[in-house]
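One structure is given below, encoded as C-alpha cells.
The values are calculated or read from the model by the stated rules, or taken from the named source; none is laboratory data. Model, not experiment: these values are computed from the prediction. Here Cβ is always computed from backbone atoms with ideal geometry, including for glycine, and neighbour counts include all displayed protein chains.
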Amino acid sequence: MNKFSLADVNLWYNDFQALKNITMDIPANMITAFIGPSGCGKSTLIKSLNRMNDLVEGCKITGNIMLDGEIIYGNIDVNLLRKRVGMVFQKPNPFPMTIYDNIAYGPRTHGIKSKFKLNEIVEKSLRDAAIWDETKDRLKKSALSLSGGQQQRLCIARALSVQPDVLLMDEPTSALDPISTSKIEELVIKLKKDYTIVIVTHNMQQAARISDNTGFFLLGELIEYGGTGQIFSVPGEKRTEDYITGRFG
Amino acid sequence: MKIAGLFKMKRRKPLDFVLFALTWICIGLTVSVLALVVGYVLINGVMYIRPSLFAFQYTVENQSLFPALVGTLMIVAMALTLSVPIGVFSAIYLVEYAKRGSRFVRIVRVTTETLAGIPSIVYGLFGFIFFGVVLGWGLSLMSGAFTVSIMILPLIMRTTEESLKAVPDAFREGSFGLGAGKLRTVGRIVLPAAMPGILAGVILAIGRIIGETAAIIFTLGNVARMPNNLFDTGRTLSAHMYALANEGTHPGEAHATAAVLLIVVILINALSSRIARLIKAS
Amino acid sequence: MGKHSLIKDQLTKISKIALIIFGSVAVIAAGLLVLFMYRGEEEARILFFLFYAGQTMYMQVLRIVFMGSMLPVFAALVILSILHKEQAAKVLFIISACAAILAVGLICVFLFMQGLPAMVEMGIWEFLTGTDWRPTWDPPRFGIFPMIVGSLYVTAGAILFGVPIGIFAAVYMAEVCPKPIYKVLKPAINLLAGIPSVIYGYFGMVVLVPFVRENFGGSGFSILTASILLGMMILPTVITISENAMRAVPREMYEGAVALGASHERAVFWVILPAAKSGVMAAIVLGVGRAIGETMAVRMVAGNQPLLRMPYEFLQGTRTLTTNVVLDLGYAYGSHRAALIATGVVLFVFILLINTLFSLLKRKGGLR
C-alpha cells in the first residue's frame, strides 16, 4: 500500500527550479531513503511532503502530492497535515524548555490538557524513542542539558508524541557521532513497524543498512528509484553507479 | 590584535607613535569625564542624603523627593503598559509576519528611525499641544505617560526585533513541524526564547524615562505633590532635580537628589548590561 | 466537517455582518462628532471617555448612536477574535506596527498645523532672520536668528571638543584595547550615554561654570561652557558608532596592509580609519543631532540671553532653539506660544535633515 503518491512534482525557489517532474510512490510501513549529492533536491522534496516549504518565501510548487489518496496541496489544514506527517531535522532542535515540556508541546498544541494523559504520552513517546531510561529521572531538567545524540532522540520522541503516520527525517544523524548514529539507526528500524519513514541521508552505508527502498536524486531529478538491494547491487543507471561507488558527489 | 602582536618587531614611525599615544590620552579623557561626573555627584551628594529627603509629604523645608519618586514610578508603569505591548507586537509583525523588505516594512523602519532621532523637547512640545491642549488632558500623568511612551517606542521595537531575529529558525521549524500554528509558535517558542533581550530593552527604556526631563515638564508638569488620579499633575525625579537646580535655594538637597537619581540610573544600567551579558553567554 | 465547525461558520457570519453594520454607523457618528468638535463644540473632546450631555440635540443623539453602536462592534470583534485566533493576532500585530507611523504622522501634523500658520503670519523670513526676541513688547517681536546662531555655536563647539576625542577613543576601543580592559570600558561608555541630561546640566552648573568663570572670565554661563558640556555628552554617541564602523571594516583590509609591511599603527590609521569614513561621518552627524536637540543641560549652563553673538563672544551667554522653547513654553499664550511652536518646527526640520543624512551615511558605512 502506498502512503504517498507523487505525480509530476515541480518546485521553484523564485527562478531556480529545485525539483523536476518527480513521480514516485512511497510505500507504507517501510523505510524509504533519498540519496544524492548536496543540492540535488532531496531535502527539498522531503520538506514538501509536510509542506514545510510553505515557510520559504518565493517557493512555488506544481503537480500532485497525495497522502493516503488525499491531495495535500489543496484546501486542507496544514497543521493537521504536519501532525500526521512528523519531522526530525538535520540538527537536533529541542526547544529551550524542560524535557517534559518538549514532549508535551505537541499534544498540548493539539488540545490535550489532562495532566494524566500528558504524562502517559510523554512516557510512551520517550520509551518509543528509546530514551526513557536516560531521562525518566530528569524530566524537569532543561532539554539543552542532554548530549547531541540524546537531543536527537528526544526530537524523535517529540515527533512521535502527536501520533503521526509518517516520520520524515532530514539527515538526522549528520551532526552526530558514530555511537549515537547507530543508536538512532536501530531506533529507526524498530519504528518501521508502526510508522512510514522517509529518510534523507548523505551516508550511503546508512541508506544501505536501514532502508527498504532508495531513490537517487541528481540536480532536482529522480534518476533512479527501487528496492535498496537492487539499487546498491545492480544500479540501472550509470550515474547512480558512479555516485554509489564514490566517483563523484 | 593577535595578529598585531606578531608584527611588534616592526619599526615604529614617530607620527604613528604620536597618533597611538593620542588614543590612550583620549580614552583616558573619556574615562575621566565619567569619573568626574559620577564621582563629583556621588561624593558631594551622598553626605546630604538624610531621612527627611524621603518624607512622605513635600515641604519647602525638607524638599522631599518622595512625591517625585512616586510620580516617576507611575509614569514608568503607565508608559511601559502602553509602549511594551505595542512595541513588542509591532516587532513581532516585522520579524515573524511581514515579507522582508516589503514597502510597509520599509515605511515602519523609516518612521521608527525618525522617532528615535527626535529630541525630547520636540516630544514635550508635541505632547503639550496634542495630549494637553487638543485632547484636553492638560498637565497630567496621562499626557506625560503617552508622550514618553511614544519616545521609548523605537527603543522597545528595535531591541525586540533584534532579540526575535536572534532566535534560531530551528525552533520555529520544530514547532511548525509538530503542527503548531504561527501564533502558538510565536507565543510559546519564539517569544520566551527572546524574552531576556526584550527585558534588557525594557530596562533601557526605563532608564530613558527616568532620565527624561524636557518631555516631562510640559506634559506631566512639575508640581511637587502626589498625583491623586490619572489626570492629575505631578513630577518625576529628573524634573524634581531640574527644579531644585534652578531654584538654587537648597544646594544640599540638590546634591543629594542628583546622587539618588544617578544611583538609580547606574543600577538600571548595570542590570541591563548584566542581562545583555547573560544572553551573550547562553 | 463536524457540527462544531458549522456553528463556528454561522457565528462568524453573524459577527461579520454585525461588525460591518454597527462599525460603519459608529464611524459615521464619530466622524460627525469630530466635525462638531472643529465647529467649536468644546465638549465633543471628551467623547471617547465620558457620556456628556452636549448642548445641542444633534450632538446628544450622535453620542448615543456612537456609544450604542460601539458595544455590538466590540462584541463582534471579541467573538471573531476568539473564533479566528490566528487572523485576529495578525491584525493586532499589523495595527501595532502602524503605531510608529501614526505617531510620526501626529507629530508632523500637529507641530506643523500649529507652527506654520503662525510662522506665515509673522512672515517666515522675518521670523527666521529677525534678531529681536521681544515677546513682551507691543507689538511683540519674534525673531529666532540669535537662537539659530546660538544652536550652531554650541553644536560647533561640541564637535570641536567631542569629535576628536571621541574618534581617538573609538580607535582605542576598536583596535588597541586589550579584552579585559574592554570589558570594563564598554559598560562605562554605555553609562556615560545613560546619565540623564539634568545630571550633566547640574554638573555643568556647579563645576564647569565656576571653572570657566575663574579661568576665562565672564559669568561662566557661556557658549564655551555649553560647548564643553555638550562635547562631553556626545562622546558616547561618537565613540560607539565610530567603533562599530571600524569593526565593520573587513579584516582582510587590515591583514593586507600588515602583509605589505605596515605596522599595526599604520594599518589602523591609514587603512581601517579611512575605510570606516562613512561610518565615522555618521557618528559625527548623529552627535550633531544630539547636540542640537539637547535641551536641559544647555538650559542650565548657557546663560540663555536671546542676543545675537559674534564668534569671539564665546564667553558670553547664548540661547539655543531648544532652550528658547523650554524657557517660555510654561507660561506663554497666544502669539508667543505660537512663536515657540514655530521654533520647535524649525528645530524639527533641522533634526529631520540631520536624520536623513545620518541614515544615508549609515547605509553607506555598512552599519546596522
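Residues of the stretch B:89-109 being under 21 Å from the mean Cα position of the chain (by Cα) and more than 8 Å from every other protein chain (Cβ to nearest Cβ), which ones? Within the stretch B:89-109, B:ALA91, B:ARG109 qualify. Listed by position, the helices (runs of 4 or more DSSP H) inside the stretch B:166-259 whose residues that are within 12 Å of chain C (Cβ to nearest Cβ), at pLDDT 90 or above and touching a Phe, Trp or Tyr at 6+ places or on another chain (Cβ under 8 Å) number at least 3 are B:214-217. Each residue in the stretch A:89-102 was checked for being more than 8 Å from every other protein chain (Cβ to nearest Cβ) and touching a Cys at 6+ places or on another chain (Cβ under 9 Å), and 2 of them qualify. Tallying residues that are surrounded by 18 or more Cβ atoms within 10 Å (Cβ to Cβ) and farther than 30 Å from A:ASN2 by Cα within the stretch A:140-187 yields 7.
So, in the stretch B:260-271, of the ones that are more than 8 Å from chain C (Cβ to nearest Cβ) and in contact (Cβ under 8 Å) with a residue 60 or more places away in the chain, which residue ends up surrounded by the most Cβ atoms within 10 Å (Cβ to Cβ)? Across the stretch B:260-271, the extreme among qualifying residues is B:VAL260. Annotation: A:GLU134 fulfils all but one of (1) in contact (Cβ under 8 Å) with a residue 12 or more places away in the chain; (2) in a helix (DSSP H, G or I); (3) buried (at least 17 other Cβ atoms within 10 Å of the Cβ); the unmet one is (3). Look through the stretch A:64-86, keep the residues that are hydrophobic (A, V, I, L, M, F, W, C) and either at pLDDT 95 or above or part of a helix (DSSP H, G or I) (or both), and return whichever of them is surrounded by the most Cβ atoms within 10 Å (Cβ to Cβ). Among residues in the stretch A:64-86 that are hydrophobic (A, V, I, L, M, F, W, C) and either at pLDDT 95 or above or part of a helix (DSSP H, G or I) (or both), the one surrounded by the most Cβ atoms within 10 Å (Cβ to Cβ) is A:LEU81.
The residue list B:THR81, B:THR114 contains one member that is within 18 Å of B:LEU230 (Cβ to Cβ), surrounded by fewer than 24 Cβ atoms within 10 Å (Cβ to Cβ) and of a type in the set (S, T, N, Q), which is B:THR81. The set of residues in the stretch C:86-112 that are over 17 Å from B:PRO119 (Cα atoms) and either at the interface with another protein chain (Cβ under 7 Å from one of its Cβ atoms) or not in a helix (DSSP H, G or I) (or both) comprises C:GLU86, C:ALA89, C:LYS90, C:LEU92, C:PHE93, C:ILE94, C:SER96, C:ALA97, C:ALA99, C:ILE101. For the stretch C:113-143, the set of residues classified as assigned to a helix (DSSP H, G or I), among the β-branched types (Val, Ile, Thr) and touching a Phe, Trp or Tyr at 6+ places or on another chain (Cβ under 8 Å) consists of C:THR129 only. A single entry from C:VAL301, C:VAL268 fulfils the requirement of being in contact (Cβ under 8 Å) with a residue 12 or more places away in the chain and more than 9 Å from chain B (Cβ to nearest Cβ): C:VAL301.
Would you mind stating whether C:GLY217 is small (Gly, Ala, Ser) and buried (at least 18 other Cβ atoms within 10 Å of the Cβ)? No; evaluated as a whole, the condition is false for this residue.
Filtering C:LEU327, C:LEU235, C:LEU260, C:LEU273 for residues that are closer than 20 Å to C:ASN190 by Cα and either within 12 Å of chain B (Cβ to nearest Cβ) or among the basic types (Lys, Arg) (or both) leaves a single hit, C:LEU235. Note on the stretch C:244-255: residues that are part of a helix (DSSP H, G or I), in contact (Cβ under 8 Å) with a residue 12 or more places away in the chain and away from chain B (no Cβ under 11 Å) total 5. Among the residues of the stretch A:172-222, those that are part of a helix (DSSP H, G or I) and either more than 23 Å from A:ALA157 (Cβ to Cβ) or aromatic (Phe, Trp, Tyr) (or both) comprise A:MET204, A:GLN205, A:ALA207, A:ALA208.
Only helices (runs of 4 or more DSSP H) whose full extent lies in the stretch C:155-230 are considered here, and the ones with at least 2 residues that are closer than 16 Å to C:ASN304 by Cα and at the interface with chain B (Cβ under 8 Å from one of its Cβ atoms) are C:197-203.
Tell me whether the stretch A:22-40 contains one or more residues that are over 20 Å from the mean Cα position of the chain (by Cα), among the charged types (D, E, K, R), part of a strand (DSSP E or B) and more than 26 Å from A:TYR105 (Cα to Cα). No: the stretch A:22-40 contains no residue that is over 20 Å from the mean Cα position of the chain (by Cα), among the charged types (D, E, K, R), part of a strand (DSSP E or B) and more than 26 Å from A:TYR105 (Cα to Cα). With the structure loaded, tell me whether A:LYS91 is surrounded by fewer than 19 Cβ atoms within 10 Å (Cβ to Cβ) and either closer than 17 Å to B:ALA170 by Cβ or touching a strand residue (DSSP E or B) at 6+ places or on another chain (Cβ under 6 Å) (or both) or whether it fails that test. Yes.
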